[in-house]
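Have a look at the structure below before the remarks.
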Amino acid sequence: MLNQSCIMCKQRSSAVLCVTCSKDIVISIKSPPSPSHPLLVDMQTIVAANNITVLGWYQWPIDTLIHLIKFKQRVGFCRLLSHGFIRYALPTHDLPSVIIPMPSSWWKSMCRGYNTPSILSQMLGKKLNIPLLNNYLKVGLTATSQHHLSRTKRIDKHHGFYCSSNKPRLTHVALVDDVITTGSTMRSAIKALRQYNPDLRISVWCMGMTSLDGINPSSLT
């Protein structure tokens, strides 16, 4: 046995993922929340999207996977999440014409070297044969990182998004993000997308969503 530990639970393991964590991941991605779940319905209203599809709640093991992707450069897990999203969460009867990843600030992209939603979007687009508009939605120069902010401050924070001057005619897009926390960032992005196209249909695709006001999502049906 190699002298290493599971990247998820830190227990000794001969593989990057131990058997227990591998099973937990499979169970989690096979059980996405229903589109009619009260928390998803509330979030859909908050962000003003036509519909929201989420792979799972932002709790073990999805929260750990996303943390590893964003802060530990384990981008290979994007393939696992995108595959699970397509296979278990995504309805196939009403697919968009293009996919737009949630952008990050230039500073965050420079420091991290990549944008997680962009990687997820590339994998989703390739599997579904849907083109990407990678630089259509952009972050304003005044936007800053918010992972250190509280829920209240995130909601109150102003997010500056704008669309590229090259505005193709769009009818239905999917806006892809890794995590939705309060919905304030997503709402601002959707507002920017609809500024020149108020009738644009926007589907939100997300890998994880936090519960609102500390509600345990498993307690609701």
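A few comments on the model shown:
- Distance between the pseudo-spin-label points of residue 59 and residue 10 (7 Å out from Cα toward the beta carbon): 2.2 nm.
- Dipole moment magnitude, nearest 20 debye, segment 45-121 about Cα centre, only Lys, Arg, Asp, Glu C-beta charged: 360
- Projected onto their three principal axes, the Cα atoms of segment 1-96 cover extents of 50, 24, 22 Å, largest first.
- In range of the label at residue 171: residues from segment 85-103 whose backbone nitrogen is under 18 Å from the point 7 Å along Cα→Cβ: 92-100
- Which labelled figure in [x] 0.94; [y] 1.02; [z] 0.96 is Rg/Rh (Cα atoms, Kirkwood Rh), once derived from the coordinates: [z]
- Shape of segment 67-126, Cα gyration tensor, a/c cut at 1.5: oblate
- Angle between the chain longest axis and helix 116-128 axis [Cα atoms, degrees, rounded to 10]: 90
- Long pairs among 23/191; 23/127; 10/127; 72/167, criterion Cα-Cα beyond 29 Å: 23/191; 10/127; 72/167
No lab work stands behind these numbers, since they all come straight from the coordinates. Only a predicted model underlies this, so the values are computations on that prediction, with no experimental measurement involved. Please note: Cβ atoms are built from the backbone with ideal geometry, for glycine as well, and neighbour counts cover all protein chains shown.
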